[in-house]
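Worksheet: the structure to be examined is printed underneath.
What follows is calculated from the coordinates using simple rules that are stated; it is not laboratory data. Because the structure is predicted, anything quoted here is derived from the model rather than measured. Glycine also receives a Cβ, built like all others from the backbone with ideal geometry; neighbour counts cover every protein chain displayed.
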Amino acid sequence: MSDENDFTFELPNSSPVEPTRLELDDKLKFRCHLGVSCWNRCCSRADVTLAPYDIIRMKKSLDMDSTEFLKAHTVPFELDMHGVPGLKLRTDDDGACLFMKEEGCSVYEDRPTACRYYPSGLLSMKSISESTDERHFLLIKEEHCKGHDEDHIQTIGEYRKEQGVEEYDDLNHEWYQIILKKKSTGPSIGKPSDMSLQMFFMASYDVDRFRRFVMSDAFIKMYDLTDEEYAELENDDVALMKFGFKLMKQVFFGELTIKEREGAWEERVKERKDILEFRKQAEIAAHQKKQDEARKAALDDGD
Ligand code: SF4
Ligand code: SF4
């Protein structure tokens, strides 16, 4: 069995064509522009996996709350066998991206990572024995894509720069690492709890809901952050996304990435105990009341 795990940041359309592996200095002969005969063909069969920074950029560009954006523009899928949640861009019934317009992508300046990379893609690989991942790239040459016939050659590194993908990769890198680590340690840590999967979803994708969670009294009571840190999380989506990555490491792998307030955990356990005790007593009282009522009804019938 191989000791390597990989995570392919999926190409923006499902394809039966086998990709070839490339490195940063490898050459890419390709150019996409409005004049190509295949204009919009790739977006009319779109299969775009989203990463956290993609969502921050798109929801901002559309002036939407993240929860609204997720409902209107994404569909869920599972990133691995343990049900770690992933999201893809929603399409119409024929598979066309909802952002595709005749003149091209209507969110071009904020288009997702996978769209920026096409016809290449990112391949992150991590050996179980290594602590960090290796980065490679993929190239897919599909029959319908005529950009490969264009006379324009550049390296993969130059293409990434031209497409503005470096910023996306830098900001999403820690999230890819969490997924790779989760994959390589998966069987040993077992299936994550529903609570940790919900946390992963909220911190990865639903940044505005995650903000309400982080700014809640219960969270502030538990974690020892400075006022400046809380102010930054309240106002800055990217800072909040990075904080979410730290919290995921705490939840999934038990790494102590965020300082807890002294005694907060014990206090939480005690509160939880008090709540459970209160619920138990309430249930006993309700049961008792029911029995008394039944007894009284039986006596009334006897009269
Ligand atoms: S987001 Fe834009 S580039 Fe990406 S599939 Fe949709 S229309 Fe195409
Ligand atoms: S050249 Fe390729 S990437 Fe550009 S529009 Fe045509 S199919 Fe899409």
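Amide H of GLU142 versus every other amide H placed in the peptide plane: which residues, excluding those fewer than 5 positions away on the same chain, fall under 5 Å?
none
What are the residues whose amide H is under 5 Å from the amide H of GLY86, where those residues sit 5 or more places off or on another chain and H is modelled from the backbone?
PHE77, GLU78, LEU79
Based on DSSP loop calls and a cut-off of at most 13 other Cβ atoms within 10 Å, the longest stretch of the chain free of exposed GluC sites (Glu not before Pro) is what?
Excluding the exposed sites themselves, the longest stretch runs over 144-254.
Once you have the Cα-Cα distance between GLN288 and ASP80, take 0.36 nm times their residue separation minus that, and quote the gain in nm to one decimal.
Values: separation 208, 0.36 × 208 = 74.88 nm, distance 4.77 nm.
The GLN288-ASP80 span can extend by a further 70.1 nm.
For segment 22-27, take each phi angle, set θ = phi - 60°, evaluate the Karplus expression 6.51 cos²θ - 1.76 cosθ + 1.60, and give the result in whole Hz per residue in order, putting x for glycine and proline.
Per-residue couplings from phi come out as 10, 10, 3, 8, 5, 8 Hz.
Please give the calculated 222 nm ellipticity per residue for the chain, where each DSSP H segment of at least 4 residues contributes -39500 (n - 2.57) and the sum is spread over every residue; nearest 500 deg cm²/dmol? All intermediate terms of the calculation are to be shown ahead of the outcome.
On the way: 11 runs with 145 residues, N = 303.
Using -39500 (n - 2.57) per qualifying helix, the result is -15000 deg cm²/dmol.
Please compute the net charge surrounding GLN250, taking Lys and Arg as +1 and Asp and Glu as -1 over other residues with Cβ under 11 Å from its Cβ.
Cβ neighbours under 11 Å give a net charge of +1.
Can you tell me the Rg and Dmax of segment 192-253, counting just the alpha carbons, in angstroms?
Both quantities, over Cα of segment 192-253: 11.1, 32 Å.
Calculate, in nm to one decimal, what ASP93 and ARG41 gain on full extension: separation in residues at 0.36 nm each, minus their alpha carbon distance.
Details: separation 52, 0.36 × 52 = 18.72 nm, distance 1.56 nm.
Result: 17.2 nm gained on full extension.
Take the Cα gyration tensor of the chain, multiply each eigenvalue by 5, square-root it, and list the three semi-axes largest first, rounded to whole angstrom.
Details: eigenvalues 443, 113, 76 Å².
That gives 47, 24, 20 Å for the three semi-axes.
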